[in-house]
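**Q** Take a look at this one; I'll ask things after.
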There are 2 protein chains.
Amino acid sequence: MQAQTVYGALHGLQTLSQLCQFNFSSRVIEILMTPWIINDQPRFSFRGLLIDTSRHYQPLPIIKNVIDSMAYAKLNVLHWHIVDTQSFPLEIPSYPKLWDGAYSTSERYTMADAAEIVSYAQKRGINVLAELDVPGHALSWGKGYPSLWPSKDCQEPLDVSNEFTFKVIDGILSDFSKVFKYKFVHLGGDEVNTSCWTLTPHVSKWLKEHSMNESQAYQYFVLQAQKIALLHGYEIVNWEETFNNFGNKLSPKTVVHNWLGGGVAQRVVAAGLRCIVSNQDKWYLDHLDTTWEQFYMNEPLTNITKSEQQKLVIGGEVCMWGETVDASDIQQTIWPRAAAAAERLWTPYDKLAKEAKQVTGRLAHFRCLLNQRGIAAAPLAADTPLTQPGRSAPLEPGSCYLQ
Amino acid sequence: MQAQTVYGALHGLQTLSQLCQFNFSSRVIEILMTPWIINDQPRFSFRGLLIDTSRHYQPLPIIKNVIDSMAYAKLNVLHWHIVDTQSFPLEIPSYPKLWDGAYSTSERYTMADAAEIVSYAQKRGINVLAELDVPGHALSWGKGYPSLWPSKDCQEPLDVSNEFTFKVIDGILSDFSKVFKYKFVHLGGDEVNTSCWTLTPHVSKWLKEHSMNESQAYQYFVLQAQKIALLHGYEIVNWEETFNNFGNKLSPKTVVHNWLGGGVAQRVVAAGLRCIVSNQDKWYLDHLDTTWEQFYMNEPLTNITKSEQQKLVIGGEVCMWGETVDASDIQQTIWPRAAAAAERLWTPYDKLAKEAKQVTGRLAHFRCLLNQRGIAAAPLAADTPLTQPGRSAPLEPGSCYLQ
């Protein structure tokens, strides 16, 4: 086996391990489909999965388990949406009261926990993309530091008029930079309802003094956060609303993270910025009725034809938002659908299946492999009914889970 | 504690067990809310859950686990949709080739297995309603007995023209009656596409000889199956299409099982028949986007005001169709949503919450109890976002699953 990087070698070993299977009758390990020559490399460099530890806390063993499963599917970025309105589970040494916003003292990560996750992921070829979502989705920050709220009655977004807000962001990113060594940090920027800023007298006064309306203040906030992140050596990912509202003001080091709908990637790369695709109608795992077939058929380069623009789409990410999942059901909700997207992100375009149904057999096989490796992936859903008598898939999920 | 039946006593003990909790600090068992007097009885006598072992096989320990969880929620009917088009997993001693239609030899239930399930359920106050869905949803029967198909090219519904078809049904119901002692058997009758009957020459000829069109033959089939079931001492449950098409011909011992939409129960009870409610837009667990709030708010007696008609709605049932679930995810998909329906079916109308959000706290608590008892119930979904700081629910799913 030859590889240009250690990660390439890891992926190669992963492939090899998936070509081996134990024959329970002969009690020998068989290697499938020999002889073979595999000349393989990923189509996209960014192949992500988002987890969200704010809506529900995920214990460390569960996160490690998710990382293991990602490696099996050759996903290579764990986008850790650490904090949101609901809770602030991470220790921030610079501002130690922030994790007062955790659900409870047992639902917290120390910085040592975070370092352990980063290290565990790195050994499996996976980068951790930490997210600090500002200025919206940040209500839980104020549990420990109420002055970050515009007021006690109007708690979101973070107070744009308060210098302390940006000091805290600087402190957090300073602490981040000691642990989260990936070149990118995610600064959020989505779904910002700025009405608290004009409704709160001292913020409204500040806006007038600085001749800003709400949307200008939103832009100001995002760009300030970007500056701080750049000073800590990060390149930046921001959700697409930032681009949609003031794309020409964003740092050229910004990667725009699509989630709202189609067509955004086209506009982002036409503007010369990089893009990650996660359109919610196709790649949101918390949309429980989205089928694996829809996951498979979502093509990141739709309507992007120029080679130099295609290169700006660095990849895509499936998103496991935390409202519906905790330790009880996260594996079943991520898999097998994330694997359909993983194939889309890895495989050369001309080798992808033209119709999802051609994938059924190998996805059922892969689901089976996950089960055998201790990942409780759910069965393939109903869209491809089994033909009876005889089964369409080489290894069917039901019997697979029995083994 | 006083109860009129042993099942009442079981339910009472269940309630008692749920009022006790172990205090991990003081290391004593505490009884909540004492002193109390509870005068309790179910609103509906039929409180069901459907499982489907044809689309995916469910191992015996999983079925027992489902039965355990039903008892915790005071559900009392396990509707076992044993057979369907996809597979025939049950041994039928009278026609031993029927289970050739099983997915594999390891995905079968012997009659002894079935008896074990019935006994296990009975000890927990739960009846097993076995379903033999005819004449549609029966393709797998023909794996062992191809003459049950109209032809090799047109395999559904069962051949109405063949006396052998009804002999097999008689044999199955005879075998059923030795194990499934509940007074009801479910004879299906849903989603019957009869086109194979006119497309197949020998069946088409038979129809002409008997002056039947396709819909008359469908009626004939269902009524023949009803007669056989009655001879074996069963009362009958049929899916609503039988009522919708020829309700006035059904045996008065029929319970009509609603699934398609609203308003059916009204018409059924107006016709003097009994009804079970399972409307698919509210009480189908395989509709993954249906929230627990929608499960809770589904009222079986909607628009049924006359007391004698209300009594004919004997209850309701939540349906866990098998396309999306096997051993990996069935618990997570059934719970907590089935518990919301269980409260609707148990609690007196005037004590039910008027708005689902009033239920959040106790449903989160119950989900926690399920977790503690080894049932991997999923967290409550996103429709009732947690208020931060502090939690709306007394025991939150996330931390609960950690314990």
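**Q** Does A:Gly374 meet the test of being of a type outside the set (S, T, N, Q), open to solvent by less than 60 Å² (accessible area, probe 1.4 Å) and on the phi > 0 side of the Ramachandran plot?
**A** On the way: of a type outside the set (S, T, N, Q): yes; open to solvent by less than 60 Å² (accessible area, probe 1.4 Å): yes; on the phi > 0 side of the Ramachandran plot: yes.
Yes; evaluated as a whole, the condition is true for this residue.
**Q** Can you tell which of B:Asp153, B:Asp190, B:Asp175 is more than 30 Å from B:Thr110 (Cβ to Cβ) and either assigned to a loop (DSSP other than H, G, I, E, B) or of a type outside the set (A, V, I, L, M, F, W, C) (or both)?
**A** Working: B:Asp190 fails: more than 30 Å from B:Thr110 (Cβ to Cβ); B:Asp175 fails: more than 30 Å from B:Thr110 (Cβ to Cβ).
It is B:Asp153.
**Q** OK, next. Does B:Pro93 satisfy the criteria of being within 14 Å of chain A (Cβ to nearest Cβ), touching a residue at least 60 places away in the same chain (Cβ under 8 Å) and not hydrophobic (A, V, I, L, M, F, W, C)?
**A** Working: within 14 Å of chain A (Cβ to nearest Cβ): no; touching a residue at least 60 places away in the same chain (Cβ under 8 Å): yes; not hydrophobic (A, V, I, L, M, F, W, C): yes.
Judged against the criteria, B:Pro93 is not a match.
**Q** I need the full set of residues from segment A:245-293 which are in contact (Cβ under 8 Å) with a residue 60 or more places away in the chain, over 17 Å from A:Gly188 (Cβ atoms) and either among the acidic types (Asp, Glu) or surrounded by fewer than 23 Cβ atoms within 10 Å (Cβ to Cβ) (or both), in order please.
**A** A:Thr291, A:Glu293
**Q** Just for segment A:174-217: of the residues that are polar (S, T, N, Q) and crowded, with 18+ Cβ neighbours inside 10 Å, which one is farthest from the chain's Cα centre (by Cα)?
**A** Just the residues of segment A:174-217 that are polar (S, T, N, Q), to begin with: A:174, A:177, A:193-195, A:198, A:200, A:204, A:211, A:213, A:215-216.
Subsequent filtering for residues that are crowded, with 18+ Cβ neighbours inside 10 Å retains A:194, A:200.
Working: A:Thr194: 25, A:Thr200: 34 Å.
My answer is A:Thr200.
**Q** If B:Leu50 passes every condition in (1) open to solvent by 30 Å² or more (accessible area, probe 1.4 Å); (2) touching a Cys at 6+ places or on another chain (Cβ under 8 Å); (3) within 19 Å of B:Ala377 (Cα to Cα) but one, which one does it miss?
**A** B:Leu50 satisfies all of (1) open to solvent by 30 Å² or more (accessible area, probe 1.4 Å); (2) touching a Cys at 6+ places or on another chain (Cβ under 8 Å); (3) within 19 Å of B:Ala377 (Cα to Cα) except (1).
**Q** Before we move on, is A:Ala393 surrounded by 18 or more Cβ atoms within 10 Å (Cβ to Cβ), outside the structural domain of A:Ala73 (by TED's automatic domain parsing), at pLDDT below 55 and not in a helix (DSSP H, G or I)?
**A** Working: surrounded by 18 or more Cβ atoms within 10 Å (Cβ to Cβ): yes; outside the structural domain of A:Ala73 (by TED's automatic domain parsing): yes; at pLDDT below 55: yes; not in a helix (DSSP H, G or I): yes.
For A:Ala393, the condition - surrounded by 18 or more Cβ atoms within 10 Å (Cβ to Cβ), outside the structural domain of A:Ala73 (by TED's automatic domain parsing), at pLDDT below 55 and not in a helix (DSSP H, G or I) - is met.
**Q** Scan (1) open to solvent by 60 Å² or more (accessible area, probe 1.4 Å); (2) in contact with an Asp or Glu (Cβ under 9 Å, 6 or more places away or on another chain) for the single condition B:Lys152 breaks and write down its number.
**A** Answer for B:Lys152: the failing condition is (2).
**Q** B:Pro146 fails exactly one of the following numbered conditions: (1) more than 25 Å from B:Met70 (Cβ to Cβ); (2) touching a helix residue (DSSP H, G or I) at 6+ places or on another chain (Cβ under 9 Å); (3) within 11 Å of chain A (Cβ to nearest Cβ). What is the number of that condition?
**A** (2)
**Q** Still on this structure, please answer the following. How many residues does segment B:12-47 contain that are in contact with a strand residue (DSSP E or B) (Cβ under 6 Å, 6 or more places away or on another chain) and surrounded by fewer than 10 Cβ atoms within 10 Å (Cβ to Cβ)?
**A** So the answer is 2.
**Q** Okay, next question. Do you know which residues across segment A:60-85 are open to solvent by less than 20 Å² (accessible area, probe 1.4 Å) and either farther than 28 Å from A:Gly8 by Cα or of a type in the set (Phe, Trp, Tyr) (or both)?
**A** The answer is A:Trp80, A:Ile82, A:Val83, A:Asp84.
**Q** Can you pull out every residue in segment A:286-328 that is of a type outside the set (Phe, Trp, Tyr), in contact with a helix residue (DSSP H, G or I) (Cβ under 6 Å, 6 or more places away or on another chain) and within 12 Å of chain B (Cβ to nearest Cβ)?
**A** Within segment A:286-328, A:Asp286, A:Val325, A:Asp326, A:Ala327, A:Ser328 qualify.
**Q** Now for a separate question. Evaluate the following for A:Val255: is it β-branched (Val, Ile, Thr) and in contact with a helix residue (DSSP H, G or I) (Cβ under 6 Å, 6 or more places away or on another chain)?
**A** Numbers: β-branched (Val, Ile, Thr): yes; in contact with a helix residue (DSSP H, G or I) (Cβ under 6 Å, 6 or more places away or on another chain): no.
Considered against the rule, which asks whether it is β-branched (Val, Ile, Thr) and in contact with a helix residue (DSSP H, G or I) (Cβ under 6 Å, 6 or more places away or on another chain), A:Val255 comes out as no.
**Q** Keeping to segment A:270-284, report how many residues are in contact with a Cys (Cβ under 6 Å, 6 or more places away or on another chain) and within 14 Å of A:Glu299 (Cβ to Cβ). Explain how you work it out, then say what you get.
**A** Keep residues of segment A:270-284 that are in contact with a Cys (Cβ under 6 Å, 6 or more places away or on another chain), which gives A:278, A:284.
Within this subset, residues satisfying the condition of being within 14 Å of A:Glu299 (Cβ to Cβ) are A:278.
Residues in segment A:270-284 being in contact with a Cys (Cβ under 6 Å, 6 or more places away or on another chain) and within 14 Å of A:Glu299 (Cβ to Cβ): 1 in total.
**Q** Taking segment A:136-149, which residues are surrounded by fewer than 24 Cβ atoms within 10 Å (Cβ to Cβ) and outside any helix (DSSP H, G or I)?
**A** A:Gly136, A:Gly144, A:Tyr145, A:Trp149
The values are calculated or read from the model by the stated rules, or taken from the named source; none is laboratory data. Quick caveat: nothing in here was measured; it's all calculated off a predicted structure. When we count neighbours, we look across all protein chains shown, and the Cβ atoms used for this are built from the backbone with ideal geometry, even at glycine. Calculation scope for accessible area: heavy atoms of the full protein, side chains included, ligands and nucleic acids excluded. Shrake-Rupley method; radii C 1.70, N 1.55, O 1.52, S 1.80 Å.
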